[in-house]
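The numbers here are math on the coordinates, done by the rules we state, and not lab data. Everything numeric in this text was worked out from a predicted model, so none of it was measured. Here the Cβ positions follow ideal geometry from the backbone for every residue, glycine too, while neighbour counts run over all protein chains shown.
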Amino acid sequence: MVRGCPGQFLELGVARWKSGGIAFAHTYQFMAKKQIRIGLIGYGFMGRAHSNAFAQVGHFFPSQHELVLQAVCARDAAKAQEFADRWGYKSIETDWKTLIARDDIDLVDIAVPNNLHAEIAIAAAKAGKMILCEKPLALNPAEAEKMVKAIAKAGVPNMVWYNYRRCPAVVLAKQLIDAGKLGKVFHYRANFLQDWTINPDLPQGGAALWRLDVKAAGSGVTGDLLAHCIDTALWLNGGIKDVSAMTETFIKERKHTLTGKVEKVGIDDACAFLCHFNNGSLGLFESTRYARGHKALYTFEVNGENMSLKWDLHDLHRLQIFDYKDVGAERGWKSVHVSDGDHPYTGKWWVPGLQLGYEHSFIHQVVEFISGLESGTPAKPDFKDGLATDYVVDAVLASAKSKKWTKVKQVKP
Ligand SMILES: NC(=O)c1ccc[n+]([C@@H]2O[C@H](COP(=O)([O-])OP(=O)(O)OC[C@H]3O[C@@H](n4cnc5c(N)ncnc54)[C@H](O)[C@@H]3O)[C@@H](O)[C@H]2O)c1
């Protein structure tokens, strides 16, 4: 007899079978999985990355939870239906408010442009839904603070998709830092370089180019690309005290896709900033969409007293390590292929030596979210962590404007 409800152990009884003439009796139990019925909002780049993660995670990381692709929401019903059919979503909605109001949705996943994050997340929190939200958390800290308040009041599990934290090589860097292997850290530097907006004829705004429209994006490379670098830095090297920044908008006017008029460009095309970390180390960050030849070159380097680490998104399964302890003529940088059975996450995938890619960082984030539900220690980065990054972004933009060193607001514990 099978009794019980999701989340309870079910006694299935005694199974008997014969093998090699010996009879075995085995009592086994299994955990009836607790369903998390997902409502995804937005089916673009991130809608696909998240859907792939939801679909894959259970195959490689068994847990007490089962993710159900319950509904996808987008404004165009035909396109939403096509996406639902392709990815296996059971239903569609064309209005995110209707999606949030549904009783059969447990988790709202926000994968839409930045200007929609706050309104959707606050409504989802009020409806008691778990929330996964894309980065940056919000257009600005004022919005992000409201989001943090809303999830605190509702007490709902939440996470921000700063997925690079979950590349195995980046987690290995975190483990080495937390184990004290670097000793005192002196420098942290990061770059995120692209080249896709150099053409002055590229319009701004609309479905494809919302990133160039300040009203939809909030900022340019600072909130888009540097937000990733900042989140990883805060995780690996702790809080940032103050910043001194410069930004540039190389193309001052672009035609707006929605109005058809040539309008002022409000985003930053490039940004560089210096900072002091709370641990006394110095930081140097740079991002641009005008570095011809670079598509998505995210790199970081940490220099400690005893060890230095380097990581590069184009080689994301490797961690470069220089260990001062190594002696002799063969000392030098080593490149660790982070794919062995005892490396972070990798033992759950293929045999040692086979590397993982970009999509796995999203799958690992879902692993962390589910582990957080099951262990009671909430997954990171959560909305508060997202707010911390938004504070740094805000200080960077303010410093670029004022041309002065600017203090970074700290998140209250
Ligand atoms: N974690 C990462 O590495 C990463 C990478 C890319 C983008 N992002 C973030 O993800 C978010 C989405 O970016 P993207 O690249 O997927 O954008 P995208 O343009 O590819 O997709 C956006 C989706 O939102 C939908 N949408 C817009 N308005 C909507 C509305 N009112 N209701 C329902 N759907 C609506 C669009 O139809 C589209 O499907 C942004 O916040 C972005 O910053 C994060």
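Stretched out straight at 0.36 nm per residue, the stretch from D103 to V327 would grow longer than its current Cα-Cα span by 74.4 nm.
What is the gain in length, in nm to one decimal, between K348 and Q56 on full extension, counting 0.36 nm per residue of separation less the C-alpha to C-alpha distance?
The span from K348 to Q56 would gain 103.9 nm if fully extended.
Could you tell me which of the pairs K334/K380; K146/K407; K90/K129 are separated by over 27 angstrom between their Cα atoms in the structure shown? Spell out each step's value before the answer.
Numbers: K334/K380 29 Å; K146/K407 21 Å; K90/K129 18 Å.
The answer is K334/K380.
Most simply put, the chain has about 65% antiparallel DSSP beta bridges, counting only bridges with both residues inside it.
What relative contact order, as a whole-number percentage, does the chain give when Cα pairs under 8 Å and 6 or more residues apart are counted? Show your work: numbers first, answer last.
Values: 906 pairs, mean separation 69.2, N = 413.
The value is 17 percent.
Which of T257, T389, T288 ends up with the largest GNM mean-square fluctuation for the chain, with Cα atoms connected below 10 Å? Greatest mean-square fluctuation among the candidates belongs to T257. When the pairs K174/K241; K126/K264; K241/K261; K174/K252 are compared against a 32 Å limit on Cα-Cα distance, K126/K264; K241/K261; K174/K252 fall above it.
If R0 is taken as 41 Å, the Cβ-Cβ distance between K380 and K252 corresponds to a FRET efficiency of 0.55.
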